[in-house]
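The values are calculated or read from the model by the stated rules, or taken from the named source; none is laboratory data. Not measured: the values here are computed from a predicted model. Cβ sites come from the backbone with ideal geometry, for glycine too, and all protein chains shown count toward neighbours.
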Amino acid sequence: LTTYTRRPLIVGNWKMHKTLAQTRELLQALRTQALPAAVDVVVCPPFTALAAASEELRGSRIALGAQTMHEEEQGAFTGEVSPIMLRELSVSHVILGHSERRRFCGETDESIARKVRAALAHDITPIVAVGETAEEHERGLAIELAVSRTRAAFTELTQKEVARCVVAYEPIWAIGTGLVDEPTETNVVMGAIRSCLPGLQNASILYGGSMKADNAAALVKQSNIDGGLIGGASLTAQAFLAVIEIL
Ligand code: 13P
């Protein structure tokens with residue numbers, strides 16, 4: 001399993017977008033491009049497209065991620081997908097605790113922590129998403145919540161295990177809205193995440209929320225921002241490559 005020593009990392013979260021044909025088309029466009037050697041790139045298609053994506057990415061240096069995962073290896077969990085099923089498709093990363101899943105699918109700090117441990121046990125790199133709502137932001141709770149959610153996701157992990165994880169700071173009010181905070185403000189929150197647990201000093205910590213080519217340079221210039229978790233701008237080759245090239 002890769003330990004990220006703060007390597008620049010760009011992750012595309014496709015959310016509920018892309019049919020099989022669209023998946024193949026986008027990945028064919030991405031894999032034929034020369035990507036900067038210093039940047040790690042991961043794409044996270046929906047479950048239905050993972051097998052096709054795995055095939056398209058064979059031999060390419062773009063890695064494959066899933067958008068969530070169940071913590072059990074198998075069982076009576078209708079609709080869920082297990083770490084073993086993901087590994088079979090060469091999935092190396094999984095987004096856990098995305099705010100959309102916390103909000104719409106009942107994910108909690110406790111369930112996310114179980115999934116993080118399961119991912120690590122199966123050599124899948126967890127990308128743990130944390131972030132505050134607009135209201136929490138206005139009440140000045142961004143740092144406190146980012147820190148408490150990060151610590152909660154990583155309970156019971158050793159320092160070495162924490163160092164194998166990725167954290168994505170995604171303020172909920174910035175997701176899909178075109179709004180971004182001052183990069184220096186974002187950097188303060190991300191610095192607090194980095195120093196809240198031993199092991200995170202050398203981990204890759206990503207920013208997510210309306211990140212695109214226009215604002216990526218100012219963000220990744222910050223001392224605590226190692227890359228991005230990209231939604232909308234990961235859905236076309238042109239927009240995604242434009243962000244990758246900035247890193
Ligand atoms: P947008 O880039 O579309 O704001 O989405 C961010 C996100 O939620 C990535 O996980």
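Tabulated data for the structure shown
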| item | result |
| --- | --- |
| Lone unmet requirement of (1) more than 13 Å from the ligand (Cβ to nearest atom); (2) of a type in the set (Lys, Arg); (3) in contact with a strand residue (DSSP E or B) (Cβ under 9 Å, 6 or more places away or on another chain); (4) farther than 23 Å from residue 223 by Cβ for residue 101 | (1) |
| Qualifying positions in region 180-203 - within 16 Å of the ligand (Cβ to nearest atom), in contact with a helix residue (DSSP H, G or I) (Cβ under 6 Å, 6 or more places away or on another chain) and not in a helix (DSSP H, G or I) | 180 |
| Pairs with Cβ under 9 Å, 6+ apart, first in region 149-178 and farther than 25 Å from residue 232 by Cβ, second at pLDDT below 95 and β-branched (Val, Ile, Thr) | 160/3; 163/3; 163/5; 164/2; 164/3 |
| Odd one out for residue 156, checked against (1) surrounded by fewer than 16 Cβ atoms within 10 Å (Cβ to Cβ); (2) at pLDDT 95 or above; (3) farther than 24 Å from residue 215 by Cα | (2) |
| Residue 138 vs. criteria surrounded by fewer than 21 Cβ atoms within 10 Å (Cβ to Cβ) and either farther than 25 Å from residue 230 by Cβ or within 19 Å of the chain's Cα centre (by Cα) (or both) | yes |
| Flag if residue 113 is at pLDDT 95 or above, closer than 14 Å to residue 196 by Cα and part of a helix (DSSP H, G or I) | no |
| Residue tally, condition touching a helix residue (DSSP H, G or I) at 6+ places or on another chain (Cβ under 7 Å), in a helix (DSSP H, G or I) and more than 12 Å from the ligand (Cβ to nearest atom), over region 221-240 | 1 |
| Residue that is nearest to residue 115 (Cα to Cα) [pool: residues in region 156-179 that are assigned to a loop (DSSP other than H, G, I, E, B) and touching a strand residue (DSSP E or B) at 6+ places or on another chain (Cβ under 6 Å)] | 165 |
| Filter result for residue 7 (without any contact (Cβ under 8 Å) to a residue 60 or more places away in the chain, away from the ligand (no atom under 16 Å from the Cβ), within 20 Å of residue 123 (Cα to Cα) and among the charged types (D, E, K, R)) | no |
